[in-house]
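Quick notes on the structure that follows.
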Amino acid sequence: MKRNLTLILCFVVLSVTGCSIVRQPSAEEYESVRQNKKAIVLFRLTGSLDGKEVHLLLEKTPWIDSSNIVGSTVLLANLDSNEPVKRFSTYYSPSLVAAESGWGAFLLEPGTYYLSIRSGRLRDTEVHVPGFRFTVPADARLIYIGSLHLACSTKELASWSKVRIMGSCSSEATAANEIEAANLIGQDSLREFGPPSSAIMQPYGSPLAPGTISGLAPVGLLAPTSKIDLGSPEWMKRAIRIGLLPSAGLFFLAGGGAPGPGAGGAVALAILWAPVGATLGYLGGKWSESSWEPCQKALQESLSKFDPTAALAVKLKGALDNWSVAALEIGTQADGGAEASDVQSILSAYIQRIVARLCRPSSLSTTLCLEVVTRARLFDTATQTYLYDGVFIYSDGELSMLESQPYELSVTSSTTPASGRDLEAYCGEGGGEILQSDLSNALNATVNRAVQDLGLRLE
């Protein structure tokens, strides 16, 4: 019975990645650690199902009816690389005995990472599993990032049925610190890399306590200057998707009707149309891209004149001044900026991307929605740690239509149209000024969200 419970929870939590046969790093992988190219990141993951302990890291994934349970996975992303989350597919454990107790490891390059355990889309399931962040130092070989416990419970499928399905899954909002146990794991299996250093993962995107940044003044403002290119709509993807709509419709009709010659004919027509639709879509996409190019160049020129990075720094400084938080711009001596030693904390912010997206990519509409992604971090110079790290995504379209990452925190504005703007607005006369105005509103909304998360908010 316990093994069956393990299999069920294992499927729910780590169906693709974690529930695998234990393996140790290869000789080449160990060598990358010795050369400080990567680090062994030690963690512990335990679980329970209906109050009974289960081993999440040992069992293979069972086949379970997908109509009742859809598996989930560990998500991992390097925030420094601005990369999309990936399913964690490389799982290590120091030993079989360690894995039985929930000890596993990542093998990662230096950087700051986002981590989350995402339960699958279970029917009527409540999921309360937060995201976390942790940092792999550049000189680290072995670190310990904490311990998590996932508690799941089942419920009856129906009052007349004895079949049970997943009811809820949750974990604590903070990771437990079991550094002494981690030291023992290191001594037993990873002795050559020395004792693990503690770098306990922190809740991701959680607002700081009110007044936090005020108590760390003067604050150094760091907004690295970099060229930002305006991202273009995915014209080709949209055009091919539209070209294949007839095939999708025929497949839908075939699947929804009664079996018979008619259904087979619909499938045949769908297959025959697919290459035609893809070709027409490709030609349409190339035409849309070429038509967009002059507009994109004009908007890029306007964007460069606006200098969004400089605007972000000014808006941050103004927001801190409004809350009477002393702030100094950090730069080189030649720039006349303050030295890092003059401040108690450093607030760094930079724009990761600016994109003009199609608000409704599956339709014929050419309405564009502005998307702005910005990262903000607060560094405590006394403790040499980041107290806050968040990636914000602003859009003047419907948030449900965004193809955002789990670690991107949504930001909205009340001053920009929530439905985006027509293509002609950006590509017509005065389009550059409209883009600058919309971008300024986006940065205002982002700065407002950021300073609130940093503790400057009315309770």
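Read-outs: derived from the displayed coordinates by stated rules, not from any lab. Everything numeric in this text was worked out from a predicted model, so none of it was measured. A quick note on method: Cβ atoms are made from the backbone with ideal geometry, for glycine too, and the neighbour counts reach across all protein chains shown.
Fewest-first ordering of Ile346, Ile117, Ile271, Ile354 by other beta carbons within 10 Å of each residue's beta carbon gives Ile271, Ile346, Ile354, Ile117.
Put in order of Cβ neighbour count within 10 Å, fewest first, the listed residues Val373, Val129 become Val129, Val373. Straightening the chain between Glu156 and Val276 buys 38.3 nm, computed as 0.36 nm per residue apart minus the Cα-Cα spacing. Pairs spanning more than 29 Å between alpha-carbon atoms, out of Lys37/Lys315; Lys37/Lys297; Lys227/Lys317: Lys37/Lys315; Lys37/Lys297.
Ranked by how many other Cβ atoms sit within 10 Å of their own Cβ, fewest first, the residues Ser26, Ser232 fall in the order Ser26, Ser232.
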